[in-house]
1. May I ask for the longest run of the chain untouched by GluC sites (Glu not before Pro) that are loop-located per DSSP and have at most 10 neighbouring C-beta atoms (other than their own) within 10 Å?
2. Can you compute the helix-only [θ] at 222 nm over the chain? Use -39500 (n - 2.57) per DSSP H run of at least 4 residues, normalise by all residues, nearest 500 deg cm²/dmol.
3. Could you let me know the centre-to-centre spacing of the stretch 422-468 and the stretch 279-314, using Cα atoms, in angstrom?
4. Based on the alpha-carbon gyration tensor of the stretch 207-254 and its eigenvalue square roots a ≥ b ≥ c, which shape applies: rounded if a/c is under 1.5, prolate if not and a/b is larger than b/c, or oblate?
5. Can you spot the lysines whose alpha carbon is less than 19 Å from residue 233's alpha carbon? Ignore those fewer than 8 places along the same chain.
6. Length gain on complete extension for the stretch residue 2 to residue 90, per 0.36 nm per residue less the alpha carbon to alpha carbon distance?
7. Starting with the fewest neighbours, write out 266, 435, 175 ranked by other beta-carbon atoms found within 10 Å of each beta-carbon.
8. Residue separation times 0.36 nm, minus the C-alpha to C-alpha distance between residue 394 and residue 496: what's the value?
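We did not get these values from a lab; they are worked out from the coordinates using the rules stated. None of the values given here were measured: they were computed from a predicted structure. Here the Cβ positions follow ideal geometry from the backbone for every residue, glycine too, while neighbour counts run over all protein chains shown.
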Amino acid sequence: MKIVVAKTAGFCMGVRKAVDMVLDASNTAKAEPLYTYGPLIHNPQVLKMLEEKKIFRLDEIPQKGRGTVLVRAHGVPPEDEKALKKAGFTVVNATCPRVVKVQVIINKYAQKGYSTIIIGDEKHPEVVGLLGYAKNSGHTVTSMEQFEKLPKFENAVVVAQTTQDTVFYGQIQKWCEIHAPHYKIFNTICGSTERRQTEIRKLANENDAVIVVGGKQSGNTKRLVQIAADTGKPAIHIEDVSQIDYNDLSSAKSIAITAGASTPNWIINDTCAQVESNLQKLHPLQILLLKIRDFLLKTNVMAAAGAGFLTYACSGLQGFDKDLRHASIAMLYVLSMHILNNLFMIKSDKYNNPQRAFFYKKNRVFLWICALASGAAGLYLSFAAGVLSFIILLIMSFLGLSYNLKLIPFIIRKGQFARIKDIPGSKTILITIAWGTVTCLLPAVANQSNLLPVAVVFFFAAGLVFARTAFFDVLAIQGDRITGKETLPILIGEKQSFKIIQYVLIFDVCIILMAFFMDLLVNKAFMLAFIPLIMFLLIKFFRNDTRISGAHREFIIEFTFIGAGLLSAVI
Ligand code: SF4
């Protein structure tokens, strides 16, 4: 069974912007009530998540109100915006810039006395908003038949709802060229919609069945289903993976999965993972290997092993004896902190990684014991290595534990004690510092290494950890934003994060080569420059190829740390 995930699946620019705006507003301004005017987007899971975050829905404009109202990506009629302001609300306009462009066109021609013909569903919020700019001379149609029945206007402007079917709009344009060449026609179908529709047409032709994930009320999702069905292939529309009847797909040899513009990543990821495990006919050995992979990732044993191997590599670079004690300390520390953080985040993890959230809920007691036992064992080993190592690890453990807790009395935010978690970008940076400390500084302290080689190796280790963590944070950006986690991608965006990841890895390659030529590190240390180079190429590849599952990507990136340790052992 082949499973292909559409590159265009998931949030479009306008939806992402609106969701980001409302979540940022909710994460920063907690005192004032926060509303969306109507449902923010047509996706039941996102709407449920907003309710959980106490972002309420305003369906009618009251006489008087207080708080902030966010106008959704579809936009609203201008009178509604005025009425909201008049009632006393602060209005945050999250109308998609591409919808604003259509509003501007209609407004301009309506002022010149033109009639407006909107190709779109009159009940759809975007069309309702657009009609508000047409100065009572707007008409909506959804079929060629309706269009032909319209009176012949002296002057008319023709626009499409941004998520209209491109083929249908092409027919309308052709009709106008022949029968009403004086009409002003604008192609207002959003580029993102066009690409999504073109891709699903292609994927439906190339595969045996199509699964479209998205709200049943979502116009653009319904259109994707229709386009796929028009190719003659079975097209299944689901809101979440529990709605799939696998019998319908049993004869398919290849399945394409796509999603509407308002479907969040975590639902797409969950769908892909479950379809894969339910339909792929794997050899029992493959099934066993995948189970082992998932277990190692969920329990953080893979991350811990990576920290251990990286410590071994860092020690090797500085010429210390085969340092298994510090590798064990790093392993135990990382295992303990990562499990504890996952335990604290069970509730929010359901958005990023529903399967991991379920695993942690089910094995809560066992995982608490593992986290505490490994934390204690790490501290014990560090004590045996020296008092200074013990104190450093104790401080790092305290910082790790306090990450989610409100216990920093000197930073006060909105009358509450703030957490380290609240500092912008803190998650990515703290993990980098913590790993850098246990993998490089602790062994260096115990071996009284020279400052320059320690600095080089610290930047090398921290650079690798930064790239790994920031990459995982990019993958989890939607869920992290919902849960208010402060990661680098949330602070500076995905594009900038990728740029920084690449620069950091190039810096890592250069620093190792430079240190090698300056004779600061052991003989053959230059070989370790391959590790950031490989990670650079992997991240570049994973960024562009959505066919590889999230668990695979995570496993391979974690494995590069093990690769660093193995390489260090043989040079
Ligand atoms: S589909 Fe296009 S126009 Fe509509 S919200 Fe998304 S980006 Fe904006």
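1. Working: sites that count: 60, 154.
Segment 155-571 is the longest.
2. On the way: 25 runs with 341 residues, N = 571.
When only DSSP H runs of four or more count, the value is -19000 deg cm²/dmol.
3. If you average the Cα positions of each part, the centres end up 24 Å apart.
4. Details: a/c = 2.93, a/b = 1.26, b/c = 2.32.
Here the stretch 207-254 falls in the oblate category.
5. Within the straight-line cut-off, residue 233 pairs with 2, 202, 222, 253.
6. Working: separation 88, 0.36 × 88 = 31.68 nm, distance 4.97 nm.
Residue separation times 0.36 nm, minus the Cα-Cα distance, leaves 26.7 nm.
7. Ranked by crowding around the Cβ, least crowded first: 175, 266, 435.
8. Numbers: separation 102, 0.36 × 102 = 36.72 nm, distance 3.40 nm.
This chain segment gains 33.3 nm when fully extended.
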